[in-house]
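Undergrad: Mind having a look at this structure? Questions to follow.
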Amino acid sequence: MSGQTKFLLQESQMPKAWYNLQADLPKPLPAVLHPGTHQPVGPDDLAPLFPMELILQEVSTEREIDIPEPVREIYQLWRPAPLFRAHRLEKALGTPAKIFYKYEGGSPAGSHKPNTAIPQAFYNQQAGIKRLTTETGAGQWGTSLSFAGSLFDLEVLVFQVRVSYDQKPYRRAVMETYGARCLPSPSNETVYGRSVLAQRPDHPGSLGIAISEAVELAVQRDDTKYALGSVLNHVLLHQTVIGLEAMEQMQMADAWPDVVVGCTGGGSNFAGIAFPFIGHGLRGGPKPRIVAVEPAACPSLTRGKYAYDYGDTAHMTPLTKMHTLGSTFTPPGFHAGGLRYHGMAPMVSHAKELGLMEAVAYTQNQCFEAGVLFARTEGIVPAPEANHAVKGAIEEALRCKREGKSETILFGLCGHGHFDMAAYQKYFAGELKEESYDEKELAMALSGLPSVAEPA
Ligand SMILES: *Cc1c(COP(=O)(O)O)cnc(C)c1O
């Protein structure tokens, strides 16, 4: 084994602007529609939920959007993030491929999510907001927003999906350490939560339900807004610091990816690493293959419909065109909680429809097997979500081995798994079920998609 393992940038080399893929798309994104009228929404329609700066980023077609100085200063607590060459994993696989990974687990929350939590808290504080509501699946987003809220003096209220609230008590302890309040969702604090509990008191919850609860409270008070940790264009935008840094670091390594791999829940860490490379390709640069990896138990990109749907279960959010399993679909309680969302980011969905990327799905045992091999060779224990990206990268490396190709593979290692060790224990005990969704429920959720005439 030889060669450099770690590629580090100076603080001064951290990107000064985020990259907006909307500037380079060959076809613009389909319009976002009002949930009631089905007419295109304007910035004012979103104002009860988000501060205007974030709404403007949502619809912007500017290629570069400056990162505010206070945000860059906080980013420097963990950015620039390292890029590693996975020499030992390559050796274990016996592959001629070169594998690189960009590690986002060094942030205070242990994942990529603070990359957007910090700017979201900043813009809300600038707009005079005092309180943020949000949802969290695995607890990563709730942790990240709680951390951001503590830096910008914002109260944070987190609705945590019931099954993960029960599985991960330490996540809640971290959120409370940052000063946030955390409730299991469905909860008794909202009209919608109470209606869900009335139907099914032991409901495991879902991100769609938790979003409805958080939105319900946000629209009731002028000093309160809602923050979303994935899916939306502005969230994907903030995550592009990952790919922009990785581009610099691949150059330092004197290499360029033939394949870029990321895991997809709502699509933000994937977009973060992939969109700068897609845009570079659209502007005439090399075009690496771009591969999204999703869980077989919640396969929005590979099994969902590309259609207009609601972002939440109570149908309070606007309609966006995306790959969706249906907003009433409740994914099974598998362990990559961050990937249990019925829809995919509209911009990722659009990129898939335009043929700018591919998608594959793997089961959770396949992904844990990959994550354990990664831990035993590279040392970092990946988050269960990140295991999907590891699995995707390993499959590409094994393909290179079969084909005798020395391609370069880059993947996003979006977080560490230190709060997810109960899932690893279950995997080792052979107790991790291959959770599969109920085909009938999926068919029902898909048949319930709103019928919407797409505006010309
Ligand atoms: C939240 C989360 C995800 C899923 O969200 P995306 O928006 O798809 O990135 C994936 N990995 C980790 C570690 C997460 O915390």
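Undergrad: Starting from the Cα of Lys433, draw a straight line to each of the lysines and keep only those under 28 Å, dropping any in the same chain fewer than 8 residues away.
TA: Within reach: Lys113, Lys168, Lys305, Lys391.
Undergrad: Can you give the Rg/Rh ratio of the range 398-449, where Rg is from the C-alpha atoms and Rh is the Kirkwood radius?
TA: So for the range 398-449, dividing Rg by the Kirkwood Rh gives 1.19.
Undergrad: Equivalent ellipsoid semi-axes for the chain, as square roots of 5 times the alpha carbon gyration tensor eigenvalues: give them largest first, rounded to whole Å.
TA: 31, 24, 22
Undergrad: Compute the separation of the alpha-carbon centres of the range 347-371 and the range 256-288 and state it in Å as a whole number.
TA: If we compute the Cα centre of each part, the gap is 12 Å.
Undergrad: Calculated FRET efficiency, Arg283 and Gln13, Cβ-Cβ r, R0 30 Å, to nearest 0.05?
TA: Values: r = 21 Å, r/R0 = 0.70.
The computed FRET efficiency comes out at 0.90.
Undergrad: For Lys98, enumerate residues with amide H under 5 Å from its amide H, sequence gap 5+ or separate chain, H modeled in the peptide plane.
TA: The list, which skips near neighbours in sequence, is Glu407, Thr408, Ile409.
Undergrad: If you roll a 1.4 Å probe over the heavy atoms of the protein chains, what accessible area per residue do you get for the range 1-129, in Å²?
TA: 44 Å²
Undergrad: Pull out the extension gain between Leu56 and Lys426, defined as 0.36 nm times the separation in residues minus the alpha carbon to alpha carbon distance; nm, one decimal.
TA: In short, 128.7 nm is gained.
Undergrad: A further question on this structure: For the modelled label position 7 Å from the Cα of His418 along Cα-to-Cβ, which residues of the range 373-393 have backbone nitrogen atoms closer than 12 Å?
TA: Only 381 pass the distance filter.
Undergrad: Rounded to the nearest 500, what is the 222 nm mean residue ellipticity of the chain from helices alone, with -39500 (n - 2.57) per DSSP H run of 4+ residues and division by all residues?
TA: Only helices count here, giving -12000 deg cm²/dmol.
Undergrad: Sequence gap at least 6, Cα distance under 8 Å: using those rules, report the relative contact order of the range 335-427 to the nearest whole percent. Working shown, then result.
TA: Values: 79 pairs, mean separation 26.8, N = 93.
Across the range 335-427, relative contact order equals 29 percent.
Undergrad: Please list log₁₀ I(q)/I(0) at q = 0.23, 0.29 Å⁻¹ for the range 163-233, using the Debye equation with identical point scatterers on the alpha-carbon positions.
TA: Relative scattering, expressed as log10 I(q)/I(0), comes to -1.19, -1.31.
Undergrad: If you don't mind, there's one more thing I want to ask. Relative to the longest principal axis of the C-alpha atoms of the chain, give the angle of the C-alpha long axis of helix 114-126, reported between 0 and 90° and rounded to the nearest 10°.
TA: Taking the Cα atoms of the chain, the angle to 114-126 is about 40 degrees.
Undergrad: Using amide H atoms built 1.01 Å from N in the peptide plane, name the residues 5+ places from Tyr362, or on other chains, whose amide H lies under 5 Å from its own.
TA: Glu294, Ala296
Undergrad: Strictly greater than 17 Å: what percent of every Cα pair in the range 84-217 meets that? Before the final figure, lay out each step's value.
TA: On the way: 5527 of 8911 pairs.
Tail fraction, whole percent: 62.
Undergrad: Eigenvalues of the Cα gyration tensor times 5, then square-rooted: what semi-axes does that give for the range 177-317, in whole angstrom, largest first? Could the numbers behind the result be given before it?
TA: Details: eigenvalues 265, 63, 36 Å².
Listed largest to smallest, the semi-axes of the range 177-317 are 36, 18, 13 Å.
Undergrad: What does DSSP give for the chain in terms of the percent of beta bridges that are antiparallel, rounded to the nearest 5?
TA: On the way: 19 of 52 bridges.
Counting DSSP beta bridges with both partners in the chain, the antiparallel share is about 35 percent.
Undergrad: Give me the extension gain from Gln220 to His34: residue separation times 0.36 nm, minus the current Cα-Cα distance, reported in nm with one decimal.
TA: Once the chain is fully extended between Gln220 and His34, it gains 65.1 nm.
Undergrad: Please report, as a whole percent, how much of the solvent-accessible surface of the range 220-261 comes from carbon and sulfur atoms (probe radius 1.4 Å).
TA: Values: 530 of 1270 Å².
Whole-percent figure for carbon plus sulfur exposure: 41.
Undergrad: Using Cα atoms only, what is the angle between the long axis of helix 384-403 and the major principal axis of the chain, expressed in degrees (0 to 90) to the nearest 10?
TA: For helix 384-403, the angle is close to 30 degrees.
Undergrad: Give me the Å³ per residue figure for the convex hull around the C-alpha atoms of the range 23-115.
TA: 198 Å³
Undergrad: Calculate, for the range 141-197, the solvent-accessible area per residue in square angstrom, rolling a 1.4 angstrom probe over the heavy atoms of the protein chains.
TA: Value for the range 141-197: 40 Å² per residue.
The values are calculated or read from the model by the stated rules, or taken from the named source; none is laboratory data. As the structure is a prediction and not an experimental result, all values here were calculated from the model. Cβ atoms come from the backbone with ideal geometry, glycine included; neighbour counts cover every protein chain shown. Side chains included, ligands, DNA and RNA excluded: accessible areas come from the protein's heavy atoms. Shrake-Rupley method; radii C 1.70, N 1.55, O 1.52, S 1.80 Å.
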